[in-house]
Amino acid sequence: MNTETNRFSNTLQENQNKNWVRAIDSSKIITWIDDLFKILFPEKALETIQIELLLDQNKANFIAILSEIVKDKSANEILDDAESFYTGLPKLYDSMQKDAQAILDTDPAADCIQEIINSYPGFFAIEVYRIANAIASRNTCLLPRILTEYAHSKTGIDIHPSATIDVPFMIDHGTGIVIGETTIIGKYVSIYQGVTLGALQVEKSMQEKKRHPTVEDHVIIYANATILGGSTIIGNHSIVGGNTFITKSVNPYSFVMQSNKNKVLNQQEIKDINFFSI
């Protein structure tokens, strides 16, 4: 090896020895979350399952994953974190059931709860977020972000695990939705595809500040709306129309819409007009 190659090899060796550089088997994490969903929602399982047995195994797998990822806690602390997560599962499950019921109550295309649980990408993304958020409340490790990125890859819905989202929450269609880290969302909020709840600034100096908007209770945000800024508040019972761009707060019971108007012409009356498409 020449000097430059030796130097590079030494750099790689040094990085390998640092605590933050370690291999993470994401397939274990994906198997864990998929198995947890089958336990919580037997509708997703292909066969009858033994709940208690599988829950114990799922917990053991979770402890193994935490032990692999979390390097700044003792074995007893990791066990405490796992116990806290599984103790909180009944509350999480109740939130998930309320999310599913709210979708059924508001979406005219939804026929039953089983359809929502098995096929709605918005429901899947929300519930993975809720699990990731519960983990993030006790750990700053990579696991919560890996979970939400798994949901992101499957659904096109990007929810930061540290966002604050009340119950119930509804996402319809969902593709292209982005919900930032410091977003706060209230109860009975519905969001459609392409919505961004983002930051006005992306400087690193803003890391510890609220950068993303607050959406109060009973708000509907239609497709491709963009709402930016940590001080931006969408007041309760408001409706945000499609393709709107908002950087200032909106009072409760407001209706925000694009000012551009579509013009409808009768085709029988426009024979003499030439239209060109590029």
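Taking the Cβ of Ser238 as the center, what net charge do the other residues with Cβ under 15 Å away carry, scoring Lys and Arg +1 and Asp and Glu -1? Don't skip to the answer; put the middle values down first.
Values: positive: Lys187, Lys248; negative: Glu216, Asp217.
Residues near Ser238 contribute 0 overall.
Under the rule of at least 5 residues apart or a separate chain, name every residue whose amide H is placed under 5 Å from the amide H of Ile185.
Result for Ile185 returns Thr164, Ile165, Asp166, Val215.
What is the sum of charges around Leu55, taking Lys and Arg as +1, Asp and Glu as -1, for the other residues whose C-beta is under 12 Å from the C-beta of Leu55? Before the final figure, lay out the partial values.
On the way: positive: Lys38, Lys59; negative: Asp35, Glu52, Asp56.
Around Leu55, the surrounding residues sum to -1.
Please name whichever of Ser249, Ile185, His237 sits farthest to the positive end of the charge dipole of segment 176-258, dipole taken about the Cα centre and charges placed at Cβ: Lys and Arg +1, Asp and Glu -1.
So the residue furthest toward the plus end is Ser249.
Provide His152, His160 ordered by accessible surface of protein heavy atoms (probe 1.4 Å), highest first. Before the final figure, lay out each step's value.
Working: His152 60, His160 35 Å².
In descending accessible area the options line up as His152, His160.
Any idea of the accessible area per residue across segment 111-229, 1.4 Å probe, to the nearest Å²? Provide the component values of the computation, followed by the final result.
Details: 4860 Å² over 119 residues.
Solvent-accessible surface per residue comes out at 41 Å².
Ignoring everything except DSSP H segments at least 4 long, calculate the 222 nm mean residue ellipticity for the chain; use -39,500 (n - 2.57) per segment, divide by total residues, nearest 500. Walk me through the numbers on the way to the answer.
Values: 8 runs with 116 residues, N = 278.
After summing the helix terms and dividing by residue count, I get -13500 deg cm²/dmol.
Taking the Cα atoms of segment 24-156 alone, what are Rg (to one decimal) and Dmax (as a whole number) in Å?
Cα radius of gyration and Dmax of segment 24-156 are 15.1, 50 Å respectively.
Within the accessible area of the chain, what % is carbon and sulfur when the probe is 1.4 Å and the other protein chains stay in place? All intermediate terms of the calculation are to be shown ahead of the outcome.
Values: 8390 of 16360 Å².
Here it works out to 51 percent.
Name the residues whose placed amide hydrogens come within less than 5 Å of the amide hydrogen of Ile171, ignoring near sequence neighbours (fewer than 5 apart) on the same chain.
Distant-sequence amide H within range of Ile171: Ile191.
Could you please report the charge total around His160, scoring K, R as +1 and D, E as -1 over all other residues with beta-carbon less than 9 angstrom from its beta-carbon? Present the calculation step by step, with values, prior to reporting the outcome.
On the way: positive: Arg145; negative: Asp158, Glu181.
Result for the local shell: -1.
Cα-based count: Lys pairs in segment 24-156 below 18 Å, eight or more positions apart or different chains?
Going through segment 24-156 pair by pair, I get 12.
Kirkwood Rh and Cα-based Rg: tell me the resulting Rg over Rh for the chain, rounded to two decimals. Provide the component values of the computation, followed by the final result.
Numbers: Rg = 23.0 Å, Rh = 21.3 Å.
That ratio is 1.08, to two decimals.
The values are calculated or read from the model by the stated rules, or taken from the named source; none is laboratory data. If you're wondering where the values come from, they're calculated on a predicted model, not measured in any experiment. So basically every Cβ, Gly included, is an ideal-geometry build from the backbone, and we count neighbours across all protein chains shown. For accessibility, only protein heavy atoms count, side chains too; no ligands or nucleic acids. Shrake-Rupley method; radii C 1.70, N 1.55, O 1.52, S 1.80 Å.
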